[in-house]
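Below is one structure, written out as structure tokens; comments come after it.
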Amino acid sequence: MANFQAPEVHWLSLAPILIVLGGAVLGILVEAFAPAKVRRPMVIGLSILATASACVMLALRWEPVLLKATSLGEYIEDPLTVAAQSILVIIGFMAVLVMADRTSVGDGAFAGQPSDRPDSAAEELTERKGYQRSEMFPLTLFSLGGMMIFPAADNFVTLFVALEVMSLPLYIMAATARYRRQLSYESALKYFVLGAFSSGFMLMGSAFLFGFANSLRISALGPAIAQNTNMDWMVIIGVFCVMVGLLFKVGAAPFHAWTPDVYTGAPTPVTGFMAAAVKIAAFAAMLRFYTAVAVYLQWDLLAIFAGVAVLTIIVGTFAGLVQDNVKRMLAYSSIAHAGFILMGIIAIQKGGSGHVLFYTLGYGLATVGAFGVVALVRGRDADGNVLGEAPSLRKWAGIGRTNPWIAGSMLVFLLSFAGIPLTGGFIGKFVIFSDAIKGGLAWLAVVGLVASAITAFYYFRLVRVMFFTEPSEESVVVKSEGLSALAIVVCALGTIALGVFPGPVLSLLEKIVILIP
């Protein structure tokens, strides 16, 4: 006992994650013990407070980390970690606002009690009493906590645990839609089964890399590759399997099959959170992992992942052209964007990590805002009763005339997706394509430019429907409590600000240097 030395815990470094996960635990306790009438507002307030507090703490950590990055064993606090976590909590804050919103008649995107069987007497009783469970907010915080650990992990076990903490709440949340419940259940099951396959690939790859390097540390891979050049095949297989697990999470082809169905069936606010935040976390983790091995295996890996990027861009671009459902169209759009971001990762240029995160920030704001708009466009029957969401393209007819602020916000998000100047999407594509050209991948940048021009077609098809056709009697933009409106406006202003004044954010993110202990 005399030689026992207490471990040194860097509480300030871990504070943002502890705040988010602590908020999730408190939310579960509130859900279990608070009176039914105050559970929902208390849990929503707690979620908003947790994400806002984590954002403030991360802002305070930025300057110390720039001066000195720290390796805390399996957890690395460097500019990549702090920047990715900052973007994640901003997106999480906006997503919570959209999730918390309800229409003027009191119905939100989530089932009153997700455990009720669709069209059963139990569900009718829940609806009649206006009962609303609120466990989706602690689940969101748990998932967000896993995402924040993801880019900081320097250990394959930590990486896998973070992956599961991030994913398991999303599997549950995908099954909680108020309308079209069976489709929601189906989407959750597909996401769970295919997610299990991706986790298996990551574990298999980790096992190969552990067998090669005799270490679970990601940062130990580089020295092991440099010292042992006789077993490249084991490293390449291991790296590919780990990357498959990450590529699944970002929806890259050919690991994208779950994306359209899950995005369509899940509650729309959950879809927005999933589409934005999961991509940010997975691409940030991919930056750390790929950088650790690419210096030694760049020429072996480049052709493989360049092919994945091209296939992803092609699938997202051409499959999106034939969609008449707005949610499925945005799902294929997200696949195409995954291909664009992957270009920036494999180019490996100075400042490229910051450019990738800038792209994910612009994409994340536009995505949360766009799905927030989708959640407000509802169907309407012949008697004028408001129904569930109306994702069909024809039901968006004339929204620009009846609700110009909603349609105007959606226009901003679509312009950003298309990469039109004065939006964050344009600056993101510009810096990513520039990195690809500098990295000797000019042909890949050309593919990206052509695909961007083609994807603009289906974005502007929705613009034409909103602004240049007569309003539809089958749909209506519902009035809500206003939280979605706040999130949509902030996301739209942020998207424009990133396009008009990108300098401060870009200069900050370009300071990112990935620590490899």
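The values are calculated or read from the model by the stated rules, or taken from the named source; none is laboratory data. Model, not experiment: these values are computed from the prediction. Reconstructed Cβ throughout: ideal geometry from the backbone, glycine too, with neighbour counts over all protein chains shown.
Any residue at all in the stretch 261-278 that's hydroxyl-bearing (S, T, Y), surrounded by fewer than 24 Cβ atoms within 10 Å (Cβ to Cβ) and in contact with a Lys or Arg (Cβ under 6 Å, 6 or more places away or on another chain)?
yes
Might you check whether a residue that is in a helix (DSSP H, G or I), free of Cβ contacts under 8 Å to residues at least 60 places away in the same chain and either of a type outside the set (D, E) or touching a Pro at 6+ places or on another chain (Cβ under 9 Å) (or both) occurs anywhere in the stretch 306-318?
Within the stretch 306-318 (the criterion being in a helix (DSSP H, G or I), free of Cβ contacts under 8 Å to residues at least 60 places away in the same chain and either of a type outside the set (D, E) or touching a Pro at 6+ places or on another chain (Cβ under 9 Å) (or both)), the answer is yes, since at least one residue qualifies.
Name every residue in the stretch 453-510 that is more than 23 Å from the chain's Cα centre (by Cα) and of a type in the set (V, I, T), in order of residue number.
I454, V463, V465, T469, V476, V477, V478, V500 - these are the residues of the stretch 453-510 that are more than 23 Å from the chain's Cα centre (by Cα) and of a type in the set (V, I, T).
Considering each residue of the stretch 27-53, count those that are surrounded by 15 or more Cβ atoms within 10 Å (Cβ to Cβ), in contact (Cβ under 8 Å) with a residue 60 or more places away in the chain and among the hydrophobic types (A, V, I, L, M, F, W, C), and give that number.
5
Identify the single condition in (1) touching a residue at least 40 places away in the same chain (Cβ under 8 Å); (2) within 20 Å of V270 (Cα to Cα); (3) touching an Asp or Glu at 6+ places or on another chain (Cβ under 6 Å); (4) among the charged types (D, E, K, R) that D116 does not satisfy, given that it satisfies every other one.
(1)
Of all residues in the stretch 121-158, how many are among the aromatic types (F, W, Y) and not in a helix (DSSP H, G or I)?
Filtering the stretch 121-158 down to residues among the aromatic types (F, W, Y) leaves 131, 137, 142, 150, 156.
Those left that are additionally not in a helix (DSSP H, G or I): 131.
Matching residues across the stretch 121-158 total 1.
Examine the stretch 202-209 for a residue that is under 25 Å from E164 (Cβ atoms), among the hydroxyl-bearing types (S, T, Y) and buried (at least 19 other Cβ atoms within 10 Å of the Cβ), and state whether such a residue exists.
Step one: list which residues in the stretch 202-209 are under 25 Å from E164 (Cβ atoms), which gives 202-209.
Restricting the remaining residues to those that are among the hydroxyl-bearing types (S, T, Y) gives 206.
If we keep only those that are buried (at least 19 other Cβ atoms within 10 Å of the Cβ) as well, we get 206.
Checked against the condition, which is being under 25 Å from E164 (Cβ atoms), among the hydroxyl-bearing types (S, T, Y) and buried (at least 19 other Cβ atoms within 10 Å of the Cβ), the stretch 202-209 yields at least one hit.
Quick check: anything in the stretch 60-72 more than 20 Å from the chain's Cα centre (by Cα), in a loop (DSSP other than H, G, I, E, B) and more than 21 Å from I149 (Cα to Cα)? Lay out the reasoning, then the answer.
Filtering the stretch 60-72 for residues more than 20 Å from the chain's Cα centre (by Cα) gives 60-72.
After this cut, where a residue has to be in a loop (DSSP other than H, G, I, E, B) as well, the list is 68-69.
Imposing the further condition that a residue be more than 21 Å from I149 (Cα to Cα) reduces the set to none.
Checking the stretch 60-72: not a single residue is more than 20 Å from the chain's Cα centre (by Cα), in a loop (DSSP other than H, G, I, E, B) and more than 21 Å from I149 (Cα to Cα).
Working only within the stretch 208-231, note down all residues that are assigned to a helix (DSSP H, G or I), over 30 Å from T360 (Cα atoms) and of a type in the set (A, V, I, L, M).
Once the filter is applied, which keeps residues that are assigned to a helix (DSSP H, G or I), over 30 Å from T360 (Cα atoms) and of a type in the set (A, V, I, L, M), the stretch 208-231 yields A213, A224, I225, A226.
Does the stretch 100-114 contain at least one residue that is within 30 Å of L58 (Cα to Cα) and surrounded by 15 or more Cβ atoms within 10 Å (Cβ to Cβ)?
Step one: of the stretch 100-114, the residues within 30 Å of L58 (Cα to Cα) are 100-101.
Applying the additional criterion that residues be surrounded by 15 or more Cβ atoms within 10 Å (Cβ to Cβ) yields 100-101.
So far as the stretch 100-114 goes, yes, one or more of its residues are within 30 Å of L58 (Cα to Cα) and surrounded by 15 or more Cβ atoms within 10 Å (Cβ to Cβ).
Every residue, every condition in (1) of a type outside the set (A, V, I, L, M, F, W, C); (2) over 28 Å from R328 (Cα atoms); (3) part of a helix (DSSP H, G or I); (4) more than 15 Å from the chain's Cα centre (by Cα), yes or no:
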position: W233; (1), (2), (3), (4): no, yes, yes, yes
position: F240; (1), (2), (3), (4): no, yes, yes, yes
position: Y263; (1), (2), (3), (4): yes, no, yes, no
position: F273; (1), (2), (3), (4): no, no, yes, no
position: A276; (1), (2), (3), (4): no, no, yes, no
position: I280; (1), (2), (3), (4): no, no, yes, no
position: A285; (1), (2), (3), (4): no, no, yes, no
position: Y296; (1), (2), (3), (4): yes, yes, yes, yes
position: A303; (1), (2), (3), (4): no, yes, yes, yes
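Give the residue that is surrounded by the most Cβ atoms within 10 Å (Cβ to Cβ), with candidates limited to residues of the stretch 55-78 that are within 19 Å of V505 (Cβ to Cβ) and of a type in the set (A, V, I, L, M, F, W, C).
Start the filter on the stretch 55-78 by keeping residues that are within 19 Å of V505 (Cβ to Cβ), which leaves 55-56, 58-63, 65-66, 78.
When the remaining residues are screened for being of a type in the set (A, V, I, L, M, F, W, C), the result is 55-56, 58-60, 62, 65-66.
Numbers: C55: 19, V56: 12, L58: 24, A59: 13, L60: 11, W62: 15, V65: 20, L66: 15.
Step by step, filter the stretch 55-78, then rank; the result is L58.
Which members of the stretch 302-333 meet the condition of being polar (S, T, N, Q) and out of contact with any Gly (no Cβ under 7 Å at 6 or more places or on another chain)?
So in the stretch 302-333, the residues polar (S, T, N, Q) come out as 312, 317, 323, 325, 333.
If the condition is that a residue be polar (S, T, N, Q) and out of contact with any Gly (no Cβ under 7 Å at 6 or more places or on another chain), then T317, Q323, N325 are the ones that fit.
Would you say A213 is buried (at least 24 other Cβ atoms within 10 Å of the Cβ), of a type outside the set (F, W, Y) and modelled with pLDDT under 90? Write out each step before concluding.
Numbers: buried (at least 24 other Cβ atoms within 10 Å of the Cβ): no; of a type outside the set (F, W, Y): yes; modelled with pLDDT under 90: yes.
Considered against the rule, which asks whether it is buried (at least 24 other Cβ atoms within 10 Å of the Cβ), of a type outside the set (F, W, Y) and modelled with pLDDT under 90, A213 comes out as no.
Inspect all residues belonging to the stretch 332-352 and state whether any of them is surrounded by fewer than 22 Cβ atoms within 10 Å (Cβ to Cβ), in a strand (DSSP E or B) and either in contact with a strand residue (DSSP E or B) (Cβ under 8 Å, 6 or more places away or on another chain) or not hydroxyl-bearing (S, T, Y) (or both).
no
Conditions: (1) modelled with pLDDT of 90 or more; (2) more than 21 Å from T140 (Cα to Cα); (3) not in a loop (DSSP other than H, G, I, E, B). Q182 meets all but one. Number of the miss?
(1)
From the residues in the stretch 124-156 that are out of contact with any helix residue (DSSP H, G or I) (no Cβ under 8 Å at 6 or more places or on another chain) and at negative phi, which one is surrounded by the most Cβ atoms within 10 Å (Cβ to Cβ)? Write out each step before concluding.
The initial filter retains those residues of the stretch 124-156 that are out of contact with any helix residue (DSSP H, G or I) (no Cβ under 8 Å at 6 or more places or on another chain), namely 124-130.
Narrowing further to those that are at negative phi: 124-129.
Numbers: E124: 11, L125: 13, T126: 19, E127: 15, R128: 9, K129: 10.
Here the residue is T126.
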